[in-house]
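A.B. asks: Following this message is one structure expressed as structure tokens.
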Amino acid sequence: MTGAVVAYRHPEALASTQWLADRLDDPSVRVVDARFDLRATAGGALEGVAERDAYREAHIPGAVFVDVMSDLSDLDDPVVVVSPDRFEALMGRLGIANDSTVVVYDDRGGTWAARLWWVLRYYGHDAVKLLDGGFTRWEAEGRAVEQQVPEPLPANFKALIRPALRVDADQVMDAIGRDDVCIVDALPEPFFTGRACLYPNHRAGHIPTAHNIPAPANVDPATHTLLPAADLARLWAPVALEPSLRVITYCGGGVFGAFALFALYVMGHENAALYDASWMEWGADPCRPVEAGPRGETSHRHGSSEPPQVPRRK
């Protein structure tokens, strides 16, 4: 994508707080709370925790809750996406049907909620939006919240897999160094360079030739809203997006990478896929090459390293 971007290409992927407030009584609109957090353990490491307690204390009226880790991961292979039949059952329990419009939110600018946005699209559901500004903006504007946990009527959801939206490790391996494919690491810079290690017993660093565009960098830290289109274009300028360029995003476990895909989609670049298993798989496999340091300054390949250990999954 060349030249200045003056407007989002897919603004419909975002729901404003006013848009949602006007539709809280619309039975075709289903709201999902996907709040998640990283908390320090007794040993000083970080672990992911679904914010169920915060949800019970206050949530947007009618919102149901989804744990973006356990609910959206495969029971038999937790590094990859939930199976189609289990996802269909989950959506059915939450009252989400194929004709529902789904609005997902968190309190981190959408960086966690985007996991459900991507899974819904992967399983064929386009009518899904992220709440711009999330619960943070909703509360700041003094909008209604409730504690009551809704009991939605069961719905029928049928998954239709879109293989083009997901890649595996072999496909990523084939993409390394190609001119027509760009690999994007959506983790914060310390993990990309290898100064911090994401998981115990994993190597530190990044997939060779990857660009680093951290998912939180796409969000205004003051408002938790997505950056304006011109700012997104500047952020993504190093990738030199063109329609013919295939983009593969990854992170620690398919969450931040999903938000990178969301930002790309809003900008209008849809030739993109998620390496779902991400560093949970790649960093644990000694057969996969790893680089550390800034992009293009390789300090090791196929090696191991022992910098500080941080979260379970991200």
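The values are calculated or read from the model by the stated rules, or taken from the named source; none is laboratory data. No experiment lies behind these values; they were computed from the predicted model shown. Cβ coordinates were reconstructed from backbone atoms using ideal geometry, including for glycine residues, and neighbour counts include every protein chain displayed. In case anyone asks, the SASA skips ligands and DNA or RNA and just uses the protein heavy atoms, side chains included. Shrake-Rupley method; radii C 1.70, N 1.55, O 1.52, S 1.80 Å.
A.B. asks: Counting only other residues whose beta carbon sits under 14 Å from that of E57, what net charge do I get with K and R as +1, D and E as -1?
C.D. replies: Residues near E57 contribute -4 overall.
A.B. asks: Counting only heavy atoms of the protein chains, get the accessible area per residue of the range 60-151 (1.4 Å probe) and round it to a whole Å² value.
C.D. replies: Values: 3270 Å² over 92 residues.
Normalised by residue count, the accessible surface of the range 60-151 is 36 Å².
A.B. asks: Multiplying the sequence separation of A7 and D77 by 0.36 nm and subtracting their Cα-Cα distance, what value in nm do you get?
C.D. replies: In short, 21.2 nm is gained.
A.B. asks: Find the relative contact order for the chain and round it to a whole percent, using C-alpha pairs within less than 8 Å whose residues are 6+ positions apart.
C.D. replies: 23 percent
A.B. asks: Take the Cα of R23, step 7 Å along the line toward its Cβ, and report every residue of the range 68-109 whose backbone nitrogen sits under 15 Å from that point.
C.D. replies: 96-105
A.B. asks: How large a share of the accessible area of the chain, in percent, is made up of carbon and sulfur atoms when the probe is 1.4 Å and the other protein chains stay in place?
C.D. replies: Numbers: 6680 of 13140 Å².
After summing per-atom areas, the C and S share lands at 51 percent.
A.B. asks: Also, quick follow-up: Using only alpha carbon pairs under 8 Å that are at least six residues apart, calculate the relative contact order of the range 175-289 and give it in whole percent.
C.D. replies: The value is 28 percent.
A.B. asks: With the chain treated as a Gaussian network of Cα nodes joined by springs under 10 Å, which of D168, D180, D231 yields the largest mean-square fluctuation?
C.D. replies: With Cα springs under 10 Å in the chain, the top fluctuation among D168, D180, D231 is at D180.
A.B. asks: In the chain, what percentage of the DSSP-assigned beta bridges are antiparallel, given to the nearest 5?
C.D. replies: 25 percent
A.B. asks: Taking the convex hull of the Cα atoms, report for the range 97-143 its projected area averaged over all directions, in nm².
C.D. replies: Values: hull surface 13.2 nm².
Directional mean of the projected Cα hull area for the range 97-143 stands at 3.3 nm².
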